[in-house]
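Novice: Dropping the structure in here first, questions after.
Derivation of every value follows stated rules applied to the coordinates shown; laboratory data play no part. Bear in mind that the values here come from a model prediction, so they are computed numbers and not experimental data. Neighbour counts run over all protein chains shown; Cβ positions are idealised from the backbone, glycine included.
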Amino acid sequence: MHSPAPHTLNLGILAHIDAGKTSLTERLLHAAGVIDEIGRVDDGNTQTDSLALERQRGITIKSAVVSFTVEAPQGAGEGVTVNLIDTPGHPDFVAEVERVLSVLDGAVLVISAVEGVQAQTRVLMRTLRRLRIPTLIFVNKADRAGARYDGVLAHIAERLTPDIVPMGTVTDIGTREARFTPFTGGGAEGSGFTTRLTELLAGHDDTLLTAYVEDASSLSYDRLRGELARQTGQALVHPVFFGSAATGVGITELTEGIRELLPSAAGDAEGPLSGSVFKVERGNAGEKIAYVRVFSGTVRTRDRVDITGVTGVTGITDGAAGDGADGRREGKVTAVSVFDQGTDVRRAEVRAGRIGKLWGLGDVRIGDVIGVPPKGSGAGDRFFAPPTLETVVAPLRPADRGALHVALTQLAEQDPLIDLRQDAVRQEVSVSLYGEVQKEVIQATLAEEFGLDVSFRETTTICVERVIGTGEAFEVGEKEPNPFLATVGLRVGPAPVGAGVTFGLGVELGSMPYAFFRAVEETVRETLHQGLYGWRVPDCAVTMTRAGYWPRQSHAHGTFDKSMSSTAGDFRNLTPLVLMDALREAGTAVHEPMHRFRLDVPADTVGAVLPALARLRAVPYTQAASGASYRLEGDVPARQVHALEQLLPGLTRGEGELESAFDHYEPVRGPAPTRERTDHDPLHRKEYLLRVVRRTSA
């Protein structure tokens, strides 16, 4: 008989930076009795910002999990255990948010009652709606001067979604006496709320609409509240609460909304094991600790579990094959802890619906699947744009080069999107970035946690290469100029944007050992990280058109001549030369990242703003006046966004508001920028062979 999963809600708290997200987490923990005193971000004593760097800077850098229980009022249903995940608000750390989204049952999006909807708020809400994650909106800072009620609601409806349900009103907003009064089904306010609620909900449900048209009075308030919970759980509507994390106003109502309106975790604790790793950290002894959301089944101490990566090479098929799992590994769980009342405690197991910390999985990585892939969880999916910037990191002391590589490798375990590039020739390491703040954090982390002082080169934009035509090349083993015991033929061609690198066979799978085909495919994918100009080729169709190998020759006395038989190394060494010859014939074009921008400026400053946009190669596609303000929307090269941010205050008297986010890649105008290669450079055959032969013969 199957046991039901515990009544648990895995809840994400998301916001634009400084909207009060971590302060709200503190207030929720205090209201639940988990902490006796409320920490302050500015004082560096909050529960979830545990890193020294977070406390110093007053920002969230890493996601953190903390648990509390919401008890139900008597006769109002069941209580719920909430695993609350506090996420970074700064866009430079959006990768942390991305990893959390796939493990959530619901979310609270925090908005400032003073600033209203901000740039990152829009990015987050678009993603929450696309993923259909049930979301409540909490408008914080109702006690601050400049706080607004109607204006913020209109801002939310215009910039985020019209499907919002204000759950109460605020008196004395903008003062320390601000109070949130929830709407009920009675009185004049309640009657108006019931009408608005009915109209909104009926727009998403034909049965409710029919009942409303035939006899609106037949719809009881209890039925409407039940329907509100159902539609909120389906991410069709979004209840809006107002309050203040600083004073505690509105927290009781928000907490009850979390319990009543957001769906609890589903999952069968007796079913097949299925979980997703969304965070990896290292313990005091340097051991890896994996944070896992368990969707199905149960993980126990001493269990041996399958671990499957979500990126890497595929198995060979006769047709084209896209990026997929990189094969299974196995690990033994040596310890388990679960989150309970503000901390994590050791337990014998973690069951479906819960989040646990697992020890013992030495080669686990962020994004890995534990057991079978979760159904519809989005594990391994990309929700936000990849980093578009990079920089070279160098130790101030040359003797620290080895230690720096080790340290950056450990940081990459916690944030794979920093994407280390090791240049063995120049002894340099580069990292990918979302912004300058992330670079500062990496520098401070290396100094504080690893004792390494580093410098950075100027940040540059990461471009990509797209294949223009079709090209083909081959080399036959033991035939000049090929020194390897391998025959490889490859055809390359363009693939649709977003298709990834596909690898197919134009030869029989049984024509040579599978390990050799796999070596070719793995090398193709690795080589395409650097195209003709040194940039990654993200979308490309590759077909193997020729294959040949030298089998082991047995002598009369039963021995083998290994020197005259092919190895996987022969195929790995030859493939880059053949692939680059084919790519040269096909040709590539360098594309740079473009951001879609939205700019609101005072109308009388447009004359100064437009020429500045033109100098930065920003193209406004739409322009519209609205009273004393003017809105421009268009595209701008990613490398010019920082310059635009610097210019804007001076051009608009500090009143300009800029939102921008990566949108697409566009062909570079003028000479194509190049990127220094970090491999043995198969584009220069003589040097490549000298380095490869020296390496293989060493």
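Novice: I'd like to know which of Leu236, Leu651, Thr247 lies farthest towards the positive end of the charge dipole of the chain, counting +1 on Cβ of Lys and Arg and -1 on Cβ of Asp and Glu.
Specialist: Result: Leu651.
Novice: Quote the charge dipole size of region 96-176 about the Cα centre in Debye, to the nearest 20; the model charges only the Cβ of Lys and Arg (+1) and of Asp and Glu (-1).
Specialist: 180 debye
Novice: Restricting to Cα pairs below 8 Å that are 6+ residues apart, what does the relative contact order work out to for the chain? Please round to a whole percent.
Specialist: The value is 10 percent.
Novice: Only counting other Cβ atoms within 10 Å, I'd like His238, His529 sorted with the fewest neighbours first.
Specialist: His529, His238
Novice: I would also like to ask the following. Relative contact order (percent) for region 389-462, with alpha-carbon contacts under 8 angstrom and 6 or more residues of separation?
Specialist: So the answer I get is 50 percent.
Novice: Using a simple charge model, +1 on the beta-carbon of Lys and Arg, -1 on the beta-carbon of Asp and Glu, nothing else, what dipole does the chain show about its Cα centre, in debye to the nearest 20?
Specialist: 1500 debye
Novice: Which Cα, out of Val606, Val117, Val65, lies furthest along the positive dipole direction of the chain (beta carbon charges, K/R +1, D/E -1)?
Specialist: Going by the Cα projections, it comes out as Val65.
Novice: Okay, next question. Can you give the angle from 0 to 90° between the axis of helix 436-450 and the longest principal axis of the chain, with both taken from C-alpha atoms, to the nearest 10?
Specialist: Computed tilt is about 70 degrees.
Novice: Residues with beta-carbon under 12 Å from that of Arg346, excluding Arg346: net charge, scoring Lys, Arg +1 and Asp, Glu -1?
Specialist: Around Arg346, the charge tally is -1.
Novice: On to the next question. Can you count the Lys pairs in the chain with C-alpha separation below 22 Å, eight or more apart or on different chains?
Specialist: Summing the qualifying lysine pairs gives 18.
Novice: Expressed as a rounded percentage, what relative contact order does region 590-667 have, with Cα pairs under 8 Å and six or more residues apart?
Specialist: 50 percent
Novice: If you don't mind, there's one more thing I want to ask. Per DSSP helix of 4 or more residues, -39500 (n - 2.57); summed, then divided by the residues of the chain. What does that give at 222 nm, rounded to the nearest 500?
Specialist: About -8500 deg cm²/dmol.
Novice: Amide H to amide H under 5 Å from Gly504: which residues, 5+ apart in sequence or cross-chain, H placed 1.01 Å off N in plane?
Specialist: Those lying under 5 Å, H to H, from Gly504 are Ala321, Val542, Thr543, Met544.
Novice: For semi-axes √(5λ) of the Cα gyration tensor in Å, the listed values are [x] 74, 23, 22; [y] 49, 31, 25; [z] 48, 34, 21; which was obtained by calculation from the structure presented?
Specialist: [y]
Novice: For Arg397, Arg598, what's the fewest-to-most ordering of other Cβ within 10 Å of each Cβ?
Specialist: Arg397, Arg598
Novice: Rounded to the nearest whole Å³, what is the per residue volume of the convex hull around the Cα atoms of region 389-462?
Specialist: So the per-residue hull volume is 83 Å³.
Novice: Along the charge dipole of the chain, pointing to its positive end and built from +1/-1 on Cβ of Lys, Arg, Asp and Glu, which listed residue (Thr81, Ala618, Leu201) has its Cα farthest out?
Specialist: Ala618
Novice: Going by C-beta contacts inside 10 Å, put Lys479, Lys332 in order with the fewest on the left.
Specialist: In order of increasing Cβ crowding within 10 Å: Lys479, Lys332.
Novice: Give me, ordered by chain and number, the residues 5 or more places off Leu84 or on other chains with an amide H under 5 Å from its own placed amide H.
Specialist: Correct list: Leu11, Val66, Ser67, Phe68.
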